[in-house]
Amino acid sequence: MKKHLFPTIAALMLACAGMPAYAADDAPHLKVYGYFNYNGAIADGSYGFASFYLDQLDEAEVVYPYGDEKSIYAGACVDDVFYAYEYKYNSVAGPENGNFISYNIVSGKYAQLGTEGLGEQGASFKPQDMTYDYSTGTMYAVGFSQGESALYEVDLADGTLDKKVTLQETLGAIAADKDGTVYGVGAVDGAIYRVNMDDGSLLLVANTGFGGLMYNQTMEFDHTTGLLYWAANSYDYDGARESYMLCIDLHAERITIKNLGAIGIGSTFMAMYVPFAEGGINAPAAPSDFTVTPGAMGARTATLAWTVPTTTFGGEPLADAVTGITVERNGEVVATLPATATSYEDNGITEDGECEYVVYATNAAGNGGKARAFSFVGCDKPDAVTDMTFTVGEGCASATLSWAAPTRGFNGGYFSEDGLTYKIVRLPDNKTVAEGLAETSFTDTEIGRLGRYTYVIYACNDNGETAAEVGEYYVLGKAMDLPMTQDFSNLTYFENQWMAYDGNADNYSWTYSTEWGYYQFGDATPCAEYIINPGIDNPGNDADEWLVTPPMNFEAGKSYRLKLTARCIADHVLKLTVGGNNQLDSQADFGELTLKEVTNGDAYEISEYEVNLPSGIEGVKCVGLHLVSPYPAATNASYLQIMNVTVEEGEATGITAPVIVPDNAAVYTIDGRMVDNDGSLEGLPKGVYVKGGKKYVVK
């Protein structure tokens with residue numbers, strides 16, 4: 001095992017606090033679980049829910065990895081099920097509150113339970129740690145917002161939070177013992193306090209020397225032994241370079257703290273869970289090889305099998321023999337069996353559904369470790385459909401969906417294809433466009449109003465239905481008559497008429513009327529914009545970004561032109577395309593524009609460009625603007641704004657010139673809402689407005 005050396009000053013701090021510092025050579029071989037936001041000891045650098053042993057702190061195993069786009073603020077475990085608050089990573093705006101989730105370490109099932117919990121508290125609220133009180137069945141979270149640290153009760157159904165009490169001081173980690181007493185660690189001083197749940201006052205229990213808490217961290221009791229474990233990351237101890245596992249005995253005659261060593265390398269660790277036995281370390285270990293086999297062909301029976309433990313929960317040979325075996329189903333005892341029993345036939349199931357089984361052995365010390373297993377018993381509803389495709393019809397007037405039929409039950413239970421049908425609901429109008437379908441494809445020809453639509457496909461049988469969201473949204477419906485103009489002043493209109501594509505799927509594409517316009521151009525003209533800025537993370541790829549118009553009616557025998565206004569700080573290349581719908585595979589090139597940097601002193605001018613559409617164009621078509629500019633490797637900076645796109649009858653002049661904005665131009669709010677169309681600022685509320693591409697302040 002890798003050896004860890006700790007600064008002498010830390011040991012002196014512990015000794016000064018009246019508590020000796022211990023070496024980690026007597027750390028228990030106890031498996032714990034939790035969540036790594038980072039751990040350099042994990043070879044592939046992955047993170048997520050993981051497990052490790054307290055005497056092998058540098059050998060963690062990730063059991064449920066997370067991707068690069070999200071992580072958790074805090075979490076805690078209840079009987080092998082983690083509950084946690086997630087956030088989404090945003091390189092520009094910082095972390096954004098996400099879902100309240102559950103993750104079952106036995107079944108491997110992950111579920112999103114709701115977003116209301118963090119949503120109701122506001123964007124500034126962030127939970128720092130959580131703990132579960134087994135004595136009352138209550139989950140607690142500690143959070144800090146607007147200068148106040150408080151304890152909250154957490155509803156495990158959806159993650160909603162109810163403030164229990166405002167705390168006297170800011171706590172960074174909390175834990176409830178077996179009897180329900182809540183302890184916390186001071187975020188500044190690192191001291192351990194007992195929390196008064198009635199008034200939020202804190203009673204000092206022990207100084208630790210681990211003050212200046214850095215990062216969200218975790219603390220939890222081992223309910224088998226009563227010992228408290230704290231994964232401490234402290235600026236005072238070592239500049240917050242490592243997280244250390246502290247073992248704290250609060251019930252000894254003289255409180256002791258053992259530093260068991262660094263957890264991995266540079267790790268941040270949260271949501272610690274220590275599995276326990278109610279009877280203590282001399283109670284039996286959990287039965288091994290526990291399996292549940294549901295009845296065949298949907299029968300409401302289950303066969304359970306296990307191996308009786310031969311050691312204590314603490315890992316020693318059993319001194320007190322097993323006296324009995326208990327079986328629970330969904331939290332209720334269904335059988336009390338002799339000590340030698342190794343199987344059980346459960347014939348008392350009355351409803352189809354998932355069953356959680358628990359089996360444990362008992363001896364003179366009490367109930368031992370619990371083995372858990374989950375199984376769906378009975379007939380199951382269909383799993384979600386897969387391999388969905390969404391094809392836009394000619395002129396965007398229809399949509400064809402296809403999918404693959406489910407082959408298993410949603411919960412892994414018995415499933416038969418007999419009686420399987422499909423229902424299709426169109427969004428956002430929430431209209432059921434088909435039901436009772438036996439086929440695995442459907443064409444929606446009754447769309448009508450132009451808008452952005454998607455679909456949900458339900459697989460149905462007598463046991464229920466399972467929804468599958470197609471995921472893709474397309475503009476569909478009645479084509480627009482010409483002329484067509486888009487000035488990007490109303491984002492709702494844009495989203496319901498146009499399609500924007502990130503062609504190279506690098507998550508770096510068009511944005512709309514951001515604050516960066518002020519910094520570069522000094523105004524807030526509504527626009528679609530493409531920004532490359534050294535201060536914003538980007539992949540360094542050449543542009544491959546699309547804007548596709550709504551479907552438009554072109555009359556035979558007429559000529560049409562496309563006009564657009566734009567400004568940029570470097571040249572940009574737009575390929576021009578046209579196709580029978582707004583999906584990219586229908587678009588074909590017909591021309592190209594180079595958008596030029598035009599300056600007037602220190603100002604960048606808005607310029608107008610014109611180009612003819614292909615001769616002979618007729619019927620319903622969509623026009624594409626395909627940005628293909630090379631990445632500006634020399635400067636790592638570029639900025640393009642498109643303010644207006646018009647498709648109309650006529651011949652292009654071939655002239656490119658700066659745009660002269662009339663004095664009576666419409667007036668817009670900062671977020672792009674037009675508030676006056678004759679150019680007058682009179683009578684408007686105090687604030688900042690945009691007129692003619694310039695910023696005005698009404699006082």
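The values are calculated or read from the model by the stated rules, or taken from the named source; none is laboratory data. Please read all numbers here as calculations on a predicted model, not as lab measurements. Please note: Cβ atoms are built from the backbone with ideal geometry, for glycine as well, and neighbour counts cover all protein chains shown. To get the accessible areas, we keep the full protein, side chains included, count just its heavy atoms, and leave off ligands, DNA and RNA. Shrake-Rupley method; radii C 1.70, N 1.55, O 1.52, S 1.80 Å.
What does the charge add up to near Thr166, with Lys and Arg as +1, Asp and Glu as -1, over the other residues with Cβ less than 11 Å from its Cβ?
That sum, taken over residues with Cβ under 11 Å, equals -1.
Along Cα→Cβ, 7 Å out, is where each label goes; now give me the distance between the ones at Leu203 and Thr485 in nm to one decimal.
7.5 nm
Test of understanding: extend the Cα→C-beta vector of Thr340 to 7 Å, then name every residue of segment 300-321 with backbone N under 13 Å from that spot.
In segment 300-321, the label zone of Thr340 (backbone N under 13 Å from the point 7 Å along Cα→Cβ) covers no residue.
In whole Å, how far is the Cα centre of segment 409-468 from that of segment 340-358?
Answer, in whole Å: 34.
Carbon and sulfur: what percent of segment 266-322's accessible surface (1.4 Å probe)?
Taking all protein chains in place, segment 266-322 shows 56 percent carbon and sulfur surface.
Check which residues have an amide H placed less than 5 Å from Met480's amide H, if you skip close sequence neighbours.
Excluding prolines and chain starts, which carry no amide H, the hits are Met552, Asn553.
Return the sequence-ordered ³J(HN,Hα) values of segment 211-219 in whole Hz as given by the Karplus equation 6.51 cos²θ - 1.76 cosθ + 1.60 applied to θ = phi - 60°, using x for Gly and Pro.
Rounded to whole hertz, the list is x, x, 4, 10, 6, 5, 9, 8, 9.
Using only alpha carbon positions, build the gyration tensor of segment 292-380, then give the equivalent ellipsoid semi-axes as the square roots of 5 times its eigenvalues, largest first, whole angstrom.
Semi-axis lengths for segment 292-380 are 28, 11, 11 Å.
What's log10 of I(q)/I(0) for segment 89-185 at q = 0.16, 0.18, 0.21, 0.23 Å⁻¹, Debye sum over Cα points only, no solvent?
-0.74, -0.91, -1.16, -1.29
If amide hydrogens are placed 1.01 Å from N in the peptide plane, which non-local residues have theirs closer than 5 Å to the one on Asn363?
Thr323, Gly368
Return the whole-Å distance between the Cα centroid of segment 537-551 and the Cα centroid of segment 54-130.
32 Å
Go through Lys126/Lys686; Lys478/Lys563; Lys563/Lys621 and tell me which ones have a Cα-Cα distance over 25 Å in this structure.
Numbers: Lys126/Lys686 33 Å; Lys478/Lys563 23 Å; Lys563/Lys621 16 Å.
Cα-Cα > 25 Å for Lys126/Lys686; rest within.
Name the shape class, rounded, prolate or oblate, that the alpha-carbon gyration tensor gives for segment 249-323, where a ≥ b ≥ c are the square roots of its eigenvalues, rounded holds for a/c under 1.5, and otherwise prolate holds if a/b is larger than b/c and oblate otherwise.
Oblate, because a/c is 1.5 or more while a/b does not exceed b/c.
Can you give the net charge of the other residues whose Cβ lies under 14 Å from the Cβ of Gly211, counting K and R as +1 and D and E as -1? Before the final figure, lay out each step's value.
Details: positive: none; negative: Glu169, Asp189, Asp236, Asp238.
Net charge around Gly211: -4.
Summing +1 for each Lys or Arg and -1 for each Asp or Glu, what net charge is found among the other residues whose Cβ lies under 15 Å from the Cβ of Tyr89?
-2
Can you list residues from other chains, or at least 5 along the same chain, whose modelled amide H is less than 5 Å from the amide H of Ala173?
Val185
Quick one: 3J(HN,Hα) in Hz for segment 242-259, Karplus 6.51/-1.76/1.60 with θ = phi - 60°, rounded, Gly and Pro as x.
10, 9, 10, 8, 9, 10, 10, 9, 7, 9, 6, 4, 10, 3, 10, 10, 10, 8
Can you give the Rg to Rh ratio for segment 227-357, taking only C-alpha atoms and Rh from Kirkwood?
Reported Rg/Rh (Cα atoms, Kirkwood Rh): 1.14.
Which label marks the calculated value of P(r) over Cα pairs in 20 Å bins from 0, in percent, given the options (1) 15, 40, 34, 10, 1, 0; (2) 14, 36, 32, 16, 2; (3) 15, 40, 27, 13, 4, 0?
(2)
Please give the calculated 222 nm ellipticity per residue for the chain, where each DSSP H segment of at least 4 residues contributes -39500 (n - 2.57) and the sum is spread over every residue; nearest 500 deg cm²/dmol?
Taking each H run of at least 4 residues, the total per residue is -1000 deg cm²/dmol.
If contacts are Cα pairs under 8 angstrom and at least 6 residues apart, what is the relative contact order of the chain in percent?
That works out to 8 percent.
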